[in-house]
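Chemist: Quick one: this structure, given as structure tokens, is what I'll be asking you about.
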Amino acid sequence: ELKMPTALPSSEAISKTKIAVDGATSPPKSDPDVPSLALSDYSFLNFQSSYGVYRVESLVGKGGMGQVFKAKDEQLDRHVAVKVLAAKLSRSPEFVERFRREAKVLASINHPGIASIYSFSEQKGEHYFAMQWCSGGSVSDLVRKKGRVEPMTGVDIIYQCAQALNAASKKGIVHRDIKPSNLMFDENQLIKIVDFGLAYAEQISTNLT
């Protein structure tokens, strides 16, 4: 599960720090643009400024498996979400295969209710894939902002999810982790299901779970 940080530092502010996963040091407190972060948050600051043609702009989520960044596709002039496998997991063939499997699952489903994947690659030992950017936030964000979801809005969200999950089911894929934080809105406020990291897929099933 990806957990949203309480404050999202800009890529410019992050670039002013020199913090690695191992041997983290405190950011210079004299610089007001550098966020004050707990030690547990330092790991996400160890990232590359770009992944392939995707230039990192900001962190949007992080969890045990890795990090998700908002990035700019320099070639096509559009924003994408870049999901990067955690550095320590990139050294594990099992976790790399699990990460690759998630990308394959996304690529195998062509439905407007499921976020599209654009590419999968590796750079300097880090594995990543780029996918559709959803600018409208998640259903979790909606609940936090409004406190409750209106009945008809809830019905519409459930209906869109059901259609997308039915399309996945026809491909032999079960998501296994549907929750408000994995239901994103695009710029048209249409639902996009994300995070197929725990999905079961018949056509590419392995012992991974």
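The values are calculated or read from the model by the stated rules, or taken from the named source; none is laboratory data. Quick caveat: nothing in here was measured; it's all calculated off a predicted structure. Cβ atoms come from the backbone with ideal geometry, glycine included; neighbour counts cover every protein chain shown. Note: areas computed on protein heavy atoms with side chains; ligands, DNA, RNA excluded. Shrake-Rupley method; radii C 1.70, N 1.55, O 1.52, S 1.80 Å.
Chemist: Residues being more than 20 Å from Tyr200 (Cα to Cα), open to solvent by less than 70 Å² (accessible area, probe 1.4 Å) and assigned to a helix (DSSP H, G or I): count how many of those fall in region 86-101.
Modeler: Counting residues in region 86-101 that are more than 20 Å from Tyr200 (Cα to Cα), open to solvent by less than 70 Å² (accessible area, probe 1.4 Å) and assigned to a helix (DSSP H, G or I) gives 3.
Chemist: Could you list, in sequence order, all residues of region 148-198 that are out of contact with any Pro (no Cβ under 8 Å at 6 or more places or on another chain), aliphatic (A, V, I, L, M) and outside any helix (DSSP H, G or I)?
Modeler: Result: Val149, Ile173, Val174, Ile178, Leu183, Met184, Ile191, Ile193, Val194, Leu198.
Chemist: Every residue in region 163-182 that is in contact with a Phe, Trp or Tyr (Cβ under 8 Å, 6 or more places away or on another chain) and open to solvent by 40 Å² or more (accessible area, probe 1.4 Å), please.
Modeler: Once the filter is applied, which keeps residues that are in contact with a Phe, Trp or Tyr (Cβ under 8 Å, 6 or more places away or on another chain) and open to solvent by 40 Å² or more (accessible area, probe 1.4 Å), region 163-182 yields Val174, Arg176.
Chemist: Just checking, how many residues over region 68-85 are buried (at least 19 other Cβ atoms within 10 Å of the Cβ) and in contact (Cβ under 8 Å) with a residue 24 or more places away in the chain?
Modeler: 9
Chemist: May I pose another question? Among (1) of a type in the set (A, V, I, L, M, F, W, C); (2) outside any helix (DSSP H, G or I); (3) at pLDDT 90 or above, there is one condition Ala107 misses while meeting the rest; what is its number?
Modeler: In the conditions (1) of a type in the set (A, V, I, L, M, F, W, C); (2) outside any helix (DSSP H, G or I); (3) at pLDDT 90 or above, Ala107 misses (2) alone.
Chemist: Residue by residue through region 119-147, note down the ones that are closer than 15 Å to Leu59 by Cα and assigned to a loop (DSSP other than H, G, I, E, B).
Modeler: Trp133, Cys134, Ser135, Gly137 - these are the residues of region 119-147 that are closer than 15 Å to Leu59 by Cα and assigned to a loop (DSSP other than H, G, I, E, B).
Chemist: Considering only residues that are touching a residue at least 40 places away in the same chain (Cβ under 8 Å) and aromatic (Phe, Trp, Tyr), which ones fall in region 86-114?
Modeler: The answer is Phe99, and nothing else.
Chemist: A further question on this structure: Can you report the number of residues in region 124-162 which are farther than 30 Å from Ser50 by Cα, under 22 Å from the mean Cα position of the chain (by Cα) and loosely packed, with under 15 Cβ neighbours inside 10 Å?
Modeler: 5
Chemist: Still on this structure: For Val68, state whether it is at pLDDT 95 or above, outside any loop (DSSP other than H, G, I, E, B) and among the aliphatic types (A, V, I, L, M).
Modeler: Considered against the rule, which asks whether it is at pLDDT 95 or above, outside any loop (DSSP other than H, G, I, E, B) and among the aliphatic types (A, V, I, L, M), Val68 comes out as no.
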